[in-house]
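Student: Structure below; questions to follow.
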Amino acid sequence: MSVINIIGIILVIVLLALSLFNVSLSKIIIVLFISSLGLFVVRMTIENKDFLDAFINSFGLMTIISFVVVIVNFYKNRSFENSEKE
């Protein structure tokens with residue numbers, strides 16, 4: 001069994017556990033991003049793929065979009081909290 005399959009199986013188990021314990025969507029997306037980053041590193045180092053192929057195979061479009069949405073939402077909430085304090 002390859003390293004990528006092991007990472008995929010662990011990711012599925014972690015995501016199922018997070019959804020069963022009713023964890024927020026932002027934390028689930030962050031876990032998804034971290035696992036994609038791990039897959040990217042494995043593909044670059046162990047499989048010796050070039051940068052673009054490893055990036056495209058590791059990060060799906062939905063992963064990138066959802067991570068950007070979580071970051072924008074985080075900074076938006078942070079600026080809203082700062083404006084309430086003033």
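Student: Report, ordered by the first and then the second residue, all pairs with beta carbons closer than 7 Å, sequence separation of six or more or different chains, a first member in segment 48-71 that is at pLDDT 80 or above, and a second member that is small (Gly, Ala, Ser) and not in a loop (DSSP other than H, G, I, E, B).
Tutor: SER58/SER36; PHE59/SER36
Student: Hey, does segment 29-46 have a residue that's more than 15 Å from the chain's Cα centre (by Cα) and of a type in the set (Lys, Arg)?
Tutor: Checked against the condition, which is being more than 15 Å from the chain's Cα centre (by Cα) and of a type in the set (Lys, Arg), segment 29-46 yields at least one hit.
Student: OK, next. Only residues in segment 1-28 that are loosely packed, with under 12 Cβ neighbours inside 10 Å count as the first member; pair them with residues that are of a type in the set (Ser, Thr, Tyr), Cβ under 8 angstrom, at least 6 apart or cross-chain, and list the lot.
Tutor: none
Student: Restricting segment 57-76 to residues that are within 16 Å of GLY8 (Cα to Cα) and surrounded by 13 or more Cβ atoms within 10 Å (Cβ to Cβ), which is farthest from the chain's Cα centre (by Cα)?
Tutor: Filtering first and then ranking leaves ASN57.
The values are calculated or read from the model by the stated rules, or taken from the named source; none is laboratory data. Not measured: the values here are computed from a predicted model. Glycine also receives a Cβ, built like all others from the backbone with ideal geometry; neighbour counts cover every protein chain displayed.
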